[in-house]
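Single-structure report; data block below.
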Amino acid sequence: MNVIYVLWLREIKRYLRSRAQIIGSLAQPLLYLLVLGFGFGAVFQQAGQGSYLQFVAPGVIAMGVLFTSIFSGIGLLWDRQFGFLKETLVAPVPRLQIMAGRTLGGATIALIQGSLVLVVCMLVGFRPENWAAVPIALMFMALIAVVFAALGTAIGSTLKDMQGFQLIMNFLIMPIFFLSGALFPLSNLPTALTVATRLDPLAYGVDGLRGAFIGISTMGFGVDISVLAVLSALFLVLGAWAFSRIQL
Amino acid sequence: MIEAQGLSKVFGDPKSDKAVRAVDDVSFTVKGGEIFAFLGPNGAGKTTTIQMLTTLLRPTSGTVRIDGLDPGEKPLEVRKRFGIVFQDPSLDGELTAYENMELHGVLYHVPRKVRAERIELLLKLFELWDRRDSLVKTFSGGMRRRLEISRGLLHTPKILFLDEPTLGLDPQSRNQLWTHVKHLNTTEGVTVFLTTHYMDEAEKAAQRVAIIDHGRIVAQGTADELKQQTGADSLEGAFLKLTGTTIRDERSSAADAMRQMAKMWQGGRR
């Protein structure tokens, strides 16, 4: 338990010490929020869908959680490059504990980052419709964080150098974000796009967040929670397996 | 304390002619409390041997015993018994010196009270105590090396592996480092297995020396025995007589590239 805790704490400390990075990673969500939120606002309103800012804010929060958690997992690459990974791999502890500590640490900072984005959203004018549902929203943020931190660990364990990173970014992370319905409603889409969005894990997270914050859910809480919980378990196993196979 | 019998490591398919025999039928014994130097040109198989001794790599054939235990069967037990300083750095630069030590202590299950005492003792010994709360990324090369060695000793290992610990250090830091290592060898009785390219260091620090070339041990004994055997007047002379004067860099990088290829095509199997 101690081992998991101390590796979790390491992730938190590293996060809190990189202030510039925290501020920097708030810039992107803010850009989406302001430019898209106000840019599409008028069109969205005319289409009878209400405020686009209210609609897109949960998506932007999900984006913050997605990026932070998946990058923290891929951060394994840095540990490999700077050598710290060896220190943990040669220690007399099961790799599963090392992986668990790292991944939970990554998930925790993603949750913190997501909360910061929520605060930023509220500064810009976003208001949750039902304050009692905020804990549910936090739970969804935590689920998204675990799913993608574990996926990030799995990816980070298999990548050998930074060259693969760009590939992952363009062919995995960006599609996950764009297909999640963070920016547009999931109803009345062409069939192909509907199928693609249903295959995207983040879609269930965004749907859950939107349900909690503004009461609009396409798939329903039950489906959202079940899918995310199953995927968390699946990706944790996948991540642990990939991590256990790391060779120096 | 360390026993290797007929140890071999082949990268790639052993049957194909592309296979690289990085370590070939190596046998040696290091007694408890001894300082043992493992010397050889670049790409001779030193690091591969250390990786097999320290559970990081599985031998293709041969046996290893660390304090009587097989690293393949009881990796966690074996890992508790040694400390290692890798050829390249393995500290977390975003943490302080103390935090790096603390984390290591937890990973090696050192009880909290012992941990605090031992960290203080070692950081003072290696003259890092005043800088304990500085981030490691602000440290010089010599300070990082010292911190890595004190970290490797935190869990009072029976064996300390040092893989080229003085690489890139100035003479002052090197001198100081060996003084500390020898001091710990006498006071705590820790067995030291080291590799280095500086023959004078090996001659001064180690009681016994083995020279490895092309994956095979070409000579072993005390520095004096090797000098007598080759008729050289220094260990460096003996080393050059035994391993020749050709430069090995190209050879080793080709072998490294091959190892990489072998790893890729084997899908990361051992």
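The values are calculated or read from the model by the stated rules, or taken from the named source; none is laboratory data. Predicted, not measured: the structure shown is a model, and the values here were computed from it. Don't worry about glycine lacking a Cβ; one is built from the backbone with ideal geometry, like all the others, and counts go over all protein chains shown. Note: accessible area is taken over every heavy atom of the protein model, side chains too, but ligands, DNA and RNA are not part of it. Shrake-Rupley method; radii C 1.70, N 1.55, O 1.52, S 1.80 Å.
Of note:
- Taking every protein chain into account, the 1.4 Å probe leaves residue A:80 with about 50 Å² of accessible area, to the nearest ten.
- Pairs exceeding a 22 Å alpha-carbon distance, out of B:80/B:137; B:9/B:74; B:9/B:80: B:80/B:137; B:9/B:80.
- Between residue A:188 and residue A:115, residue separation times 0.36 nm minus the direct Cα-Cα distance comes to 23.2 nm.
- Paramagnetic label reach from residue A:233 (point 7 Å along Cα→Cβ; backbone nitrogen cut-off under 17 Å): within the stretch A:196-227, residues A:222-227.
- Residue among A:115, A:70, A:131 farthest towards the positive dipole end of the stretch A:56-174, charges placed on Cβ: A:70
- Taken along its principal axes, the alpha carbon cloud of the stretch A:127-196 reaches lengths of 46, 32, 19 Å, longest axis first.
- Across A:86/B:18; B:31/B:158; A:86/B:15, pairs whose alpha-carbon gap is larger than 20 Å: A:86/B:18; A:86/B:15
- Cα→Cβ-extended label distance, 7 Å offset, between residue A:131 and residue B:69, nm: 5.7 nm
- Computed log10 I(q)/I(0) for chain A at 0.08, 0.11, 0.18 Å⁻¹: -0.30, -0.57, -1.38, from the Debye equation with unit scatterers placed on every C-alpha and solvent omitted.
- Three principal axis lengths of the stretch B:88-242 [C-alpha, angstrom, descending]: 52, 28, 26
- Figure note: A:5, B:98, B:108 ranked by solvent-accessible area, largest first, 1.4 Å probe, ligands and nucleic acids not counted: A:5, B:98, B:108.
- In this structure, residue B:232 and residue B:207 have a Cβ-Cβ separation that, at R0 = 22 Å, corresponds to a calculated FRET efficiency of about 0.70.
- For the stretch A:84-106, a drop of 50 Å² or more in accessible area on going from the chain alone to the assembled protein chains (1.4 Å probe) is found at A:84, A:86, A:87, A:90, A:92.
- Heavy atoms of the protein chains alone define the surface here; on that basis chain B has 45 Å² accessible area per residue at 1.4 Å probe size.
- Accessible surface buried at the A:B interface totals approximately 2500 Å², computed with a 1.4 Å probe on protein heavy atoms.
- Kirkwood radius and radius of gyration were both taken over the C-alpha atoms of the stretch A:122-248, and their ratio Rg/Rh is 1.02.
- Stokes-Einstein D for the stretch B:1-154, Kirkwood Rh over Cα pairs, 37 °C, 0.692 mPa s (µm²/s): 190 µm²/s
- Residue-level accessible surface for residue B:246, protein heavy atoms, 1.4 Å, Å²: 100 Å²
- Size of charge dipole - chain A - debye, nearest 20, with Cβ of Lys, Arg +1 and Asp, Glu -1, no other charges: 620 debye
- Occluded residues from the stretch A:1-42, i.e. those whose accessible area drops by 10 Å² or more once the chain is not alone (1.4 Å probe): A:2, A:3, A:6, A:7, A:10, A:13, A:14, A:17
- Per residue, the convex hull spanned by the alpha carbons of the stretch B:23-69 comes to 86 Å³.
- Accessible-area value, residue B:117, 1.4 Å probe, nucleic acids and ligands omitted, Å²: 110 Å²
- Helical segments meeting 24 Å axial Cα length and Kyte-Doolittle -0.5 threshold in chain A (DSSP H): A:52-74, A:95-124, A:134-158, A:221-244
- 20 Å binning of all Cα-Cα separations within the protein assembly as shown, expressed as whole percents from 0 upward: 21, 45, 25, 9, 1
- Computed from the C-beta positions of residue A:199 and residue B:27 and an R0 of 51 Å, the FRET efficiency is 0.35 to the nearest 0.05.
- Per residue, the stretch A:62-146 exposes 33 Å² of solvent-accessible protein surface, assessed with a 1.4 angstrom probe and all protein chains in place.
- Amide H contacts of residue B:24 (H built 1.01 Å from N, under 5 Å, at least 5 apart or other chain): B:9, B:216
- Charging the Cβ of each Asp and Glu at -1 and of each Lys and Arg at +1, and nothing else, the dipole of the protein assembly as shown about its Cα centre rounds to 540 debye.
- Helix content alone sets the calculated 222 nm mean residue ellipticity of the protein assembly as shown: runs of n ≥ 4 DSSP H residues at -39500 (n - 2.57) each, divided across all residues, give -18000 deg cm²/dmol.
- Multiplying each eigenvalue of the alpha-carbon gyration tensor of the stretch A:1-55 by 5 and taking the square root yields semi-axes of 39, 14, 5 Å, largest first, rounded to whole angstroms.
- In Å, descending, principal axis extents of the Cα set of the stretch B:158-217: 34, 28, 16
- Here chain B is treated as a sphere whose radius is the Kirkwood value from Cα pairs; by Stokes-Einstein at 20 °C and 1.002 mPa s it diffuses with a coefficient of 110 µm²/s.
- Charge-dipole axis of the stretch B:43-171 as Lys and Arg at +1 and Asp and Glu at -1 on Cβ define it, positive-most pick from B:157, B:122, B:136: B:157
- When chain A is treated as a Gaussian network with alpha carbon springs shorter than 10 Å, the biggest mean-square fluctuation among A:96, A:179, A:236 belongs to A:96.
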